[in-house]
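Report on one structure; see the data block that follows.
The values are calculated or read from the model by the stated rules, or taken from the named source; none is laboratory data. Note that this is a predicted model, so its numbers are computed, not measured. Every residue, glycine among them, receives a Cβ derived from its backbone with ideal geometry; neighbour counts consider all protein chains shown.
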Amino acid sequence: MKASQFLISTLKEAPADAEVVSHKLMTRAGMIKKLGAGIYNYMPMGLRVIRKVEAIVREEMNRAGGIEVTMPVVQPAELWEETGRFEKMGPELLRIKDRHGRDFIVQPTSEEVVTDIARQEFKSYKQLPKNLYQIQTKFRDERRPRFGLMRGREFIMKDAYSFDKDRDTAQISYQTMREAYKRIFDRFGLQYRAVRADSGAIGGDLSEEFQVIASTGEDAIVYCPHSDYAANIEKAECLAPAGPRPAAGKAMEKVATPGNSTCEAVAAQLDLPLSQTVKSLVLATDETNEHGEVVKSQVWLLLLRGDHDMNEIKAAKVAGLANFRFATVGEIEAHFGCQPGYLGPINLKQPVKLVVDREVAVMADWVCGANEVDFHITGVNFGRDLPEPDLIADLRNVVAGDLSPDGAGELAIERGIEIGHVFYLGTKYSQAMNATFLGDNGKPQHFEMGCYGIGVTRLPAAAVEQNHDERGMIWPDAIAPFTVVICPIGMGRSEAVKEEAFKLYEALLALGVDVILDDRDERPGAMLADWELIGVPHRVVLGDRGLKEGVVEYQARRDTEATKIAPADVLAHLKGKLGLH
């Protein structure tokens, strides 16, 4: 490719709404252009990156036995109504009507459509296993699209769906895809972690995320440096506290804490460690009738150590709390006789269901609210001052320094950007849509399913977040828009420079190298600044003065200075750098 025949439209400044590095640099490099909130044109330079991502994904999916299909972006609502997701997905699901008033959706994912394909096509266990995948446009109506391609509304995703005859073979399919994902992300040359994750709205009981490590990541990744344990913050656990609970050592006492409504303030006043205090969180669950009307509510009190935060995902897994909400002020006052800030489990006005975090369950002589404004109680103990809790559960977010659940050492936390996710779904969708096949016992059985996604357009943004400097982007070779750029200085004034540049260009093309020749005859500073911003990994600069001295300059994008090489040796040097033989 010659630069004069391509579209290069770099900018000196990033747009005012660009918040993260990838959004700023990809816009400045002319890779993306905003069309609307969370909607972007993929310009030629950016599209080259996306196509390289797709090619690697497609190659490894095919290698793993995937079969490529394409499912419609616009899908009939009837299929989504079968699973209940037409209503459950909420405002992120873009619902539209055609001219006849029929309901359709713009796909955010395609479990329903692919399950419909399976129930029509796969009649017998002899046709299984199968894995169907697509690389297709998706749309999710994000409340607050931001960060460029990191959290857009329209995006490209690779989504795959496996169908198996039983749980054992479904687990094999899951592991096959997990290994394929590792090969994919290894080829991208990115630093990443595979972490255990919650399945969220898609469902299922086995789930892992692939996270690119980046300081600007939205997700917190918990891992043990001394083992392979890794999980996102919603799923992460630490080693359970050792028992038994110490014996009570202090008498229970009501103390005045005027104006101190937080655990931090109370601990400071009483000169106690924050870990000796207990915070009270009040939740509620509703029982509804067939018309969706609330007929009964249950109030729950959750106790956590004062230095810990509740993990809502874990709380929702407690028996009875799946659809919890935070209690209203009225419900709190009715049960505790006090407004939030001084709540505790002693002297309740009405009974509540008591759930304590497992750390609190082994505490003695702790401090909590007295259910009276400006007062707390010290020296509180289970068994002596209040009954044992109804339930004990892991309710909290882990913190750095907690012990890994595998006992291998302390946990650390870093930031990550999710670029891939693998789920084992079980029969969640096949049962909802009555998708069956004839099993080897001669009876109809529901498909065991898995689903597997990669954010094709998010991945380049994640790569930039991980690979950049003050001059611009630094692309890994595998997904760079071009692998090599040739920069001839003053080519319009020097036939020798022009001849040497085209000679190298033609030789690289003959080797199948993705090379661009910058024949725009730009000023040297502007030309080099463009390619540093764009982040092409390998650059060769030729100039009249250098050729007279018998040298050209090679510089990898991460190098701090150029290497002088004889023109006759530069091709061999590049072949070595590119791993060509």
Checklist outcome for this item: In the stretch 529-568, residues that are in a loop (DSSP other than H, G, I, E, B) and acidic (Asp, Glu) total 2
Checklist entry - Hey, does the stretch 450-459 have a residue that's out of contact with any Asp or Glu (no Cβ under 7 Å at 6 or more places or on another chain), over 22 Å from Asp159 (Cβ atoms) and in contact (Cβ under 8 Å) with a residue 40 or more places away in the chain? => result no
Checklist entry - Filtering the stretch 363-391 down to residues that are modelled with pLDDT of 95 or more and closer than 15 Å to Leu281 by Cβ, which residue is surrounded by the most Cβ atoms within 10 Å (Cβ to Cβ)? => result Gly369
Checklist entry - Among Leu504, Leu509, which is touching a strand residue (DSSP E or B) at 6+ places or on another chain (Cβ under 9 Å), assigned to a helix (DSSP H, G or I) and exposed (fewer than 15 other Cβ atoms within 10 Å of the Cβ)? => result Leu509
Item to check | strands (runs of 3 or more DSSP E) lying entirely in the stretch 405-496 (those with 3 or more residues that are of a type in the set (A, V, I, L, M)) | outcome: 412-426, 484-488
Checklist outcome for this item: Going through the stretch 26-44 in order, the residues found to be in a loop (DSSP other than H, G, I, E, B), more than 21 Å from Ile486 (Cα to Cα) and in contact with a Gly (Cβ under 8 Å, 6 or more places away or on another chain) are Gly38, Met43
Next on the checklist: exposed (fewer than 13 other Cβ atoms within 10 Å of the Cβ) and modelled with pLDDT under 95: which single residue out of Gly546, Gly490, Gly525 fits that description?
Outcome noted: Gly525
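So which of Ala29, Ala55 is under 25 Å from Asp159 (Cα atoms), over 21 Å from the mean Cα position of the chain (by Cα) and modelled with pLDDT of 95 or more?
Going through Ala29, Ala55 in turn, just one is under 25 Å from Asp159 (Cα atoms), over 21 Å from the mean Cα position of the chain (by Cα) and modelled with pLDDT of 95 or more: Ala55.
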Checklist entry - So Leu571 fits all but one of (1) more than 26 Å from Val464 (Cβ to Cβ); (2) in a loop (DSSP other than H, G, I, E, B); what number is the exception? => result (2)
Checklist entry - If you go through the stretch 118-130 one residue at a time, do you hit one that is assigned to a loop (DSSP other than H, G, I, E, B) and either closer than 21 Å to Ile454 by Cβ or of a type in the set (A, V, I, L, M) (or both)? => result yes
Checklist entry - Somewhere in the stretch 111-119, is a residue on the phi < 0 side of the Ramachandran plot, surrounded by fewer than 21 Cβ atoms within 10 Å (Cβ to Cβ) and of a type outside the set (A, V, I, L, M)? => result yes
Checklist outcome for this item: Only one of (1) closer than 18 Å to Cys368 by Cβ; (2) in contact with a Phe, Trp or Tyr (Cβ under 9 Å, 6 or more places away or on another chain) does not apply to Ala315, and that is (1)
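For residues in the stretch 1-16 being assigned to a loop (DSSP other than H, G, I, E, B) and among the charged types (D, E, K, R), which is nearest to Glu522 (Cα to Cα)? Explain how you work it out, then say what you get.
Filtering the stretch 1-16 for residues assigned to a loop (DSSP other than H, G, I, E, B) gives 1, 6-16.
Then drop every residue that is not among the charged types (D, E, K, R), which leaves 12-13.
Values: Lys12: 16, Glu13: 19 Å.
Among them, the one singled out is Lys12.
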Next on the checklist: Yes or no: the stretch 491-508 includes at least one residue that is in contact with a Gly (Cβ under 9 Å, 6 or more places away or on another chain), in contact (Cβ under 8 Å) with a residue 12 or more places away in the chain and either under 30 Å from Pro129 (Cβ atoms) or not β-branched (Val, Ile, Thr) (or both).
Outcome noted: yes
Next on the checklist: Given the condition under 30 Å from Asp168 (Cβ atoms), touching a Lys or Arg at 6+ places or on another chain (Cβ under 9 Å) and surrounded by fewer than 23 Cβ atoms within 10 Å (Cβ to Cβ), answer yes or no: does some residue in the stretch 473-482 qualify?
Outcome noted: no
Checklist entry - Which one is farthest from Ala319 (Cα to Cα) among residues in the stretch 273-296 that are surrounded by 14 or more Cβ atoms within 10 Å (Cβ to Cβ) and touching a helix residue (DSSP H, G or I) at 6+ places or on another chain (Cβ under 8 Å)? => result Leu274
Next on the checklist: Here are the criteria: (1) under 19 Å from Asp477 (Cβ atoms); (2) surrounded by 15 or more Cβ atoms within 10 Å (Cβ to Cβ). Tell me which single one Glu553 does not satisfy.
Outcome noted: (1)
Next on the checklist: Suppose we filter Ser162, Ser173 for residues that are at pLDDT 95 or above, assigned by TED's automatic domain parsing to the domain that holds Pro444, in contact with an Asp or Glu (Cβ under 7 Å, 6 or more places away or on another chain) and closer than 21 Å to Glu209 by Cα; which single one remains?
Outcome noted: Ser173
Next on the checklist: Whether any residue in the stretch 17-25 is surrounded by 13 or more Cβ atoms within 10 Å (Cβ to Cβ), charged (D, E, K, R), touching a residue at least 60 places away in the same chain (Cβ under 8 Å) and not in a helix (DSSP H, G or I) is what I want to check.
Outcome noted: yes
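If a residue has to be in a loop (DSSP other than H, G, I, E, B) and either in contact with a Pro (Cβ under 6 Å, 6 or more places away or on another chain) or surrounded by fewer than 19 Cβ atoms within 10 Å (Cβ to Cβ) (or both) to count, how many in the stretch 146-184 make the cut?
Of all residues in the stretch 146-184, those in a loop (DSSP other than H, G, I, E, B) come to 147, 152-153, 165-166.
Retained after the next criterion (residues that are either in contact with a Pro (Cβ under 6 Å, 6 or more places away or on another chain) or surrounded by fewer than 19 Cβ atoms within 10 Å (Cβ to Cβ) (or both)): 152-153, 166.
Counting residues in the stretch 146-184 that are in a loop (DSSP other than H, G, I, E, B) and either in contact with a Pro (Cβ under 6 Å, 6 or more places away or on another chain) or surrounded by fewer than 19 Cβ atoms within 10 Å (Cβ to Cβ) (or both) gives 3.
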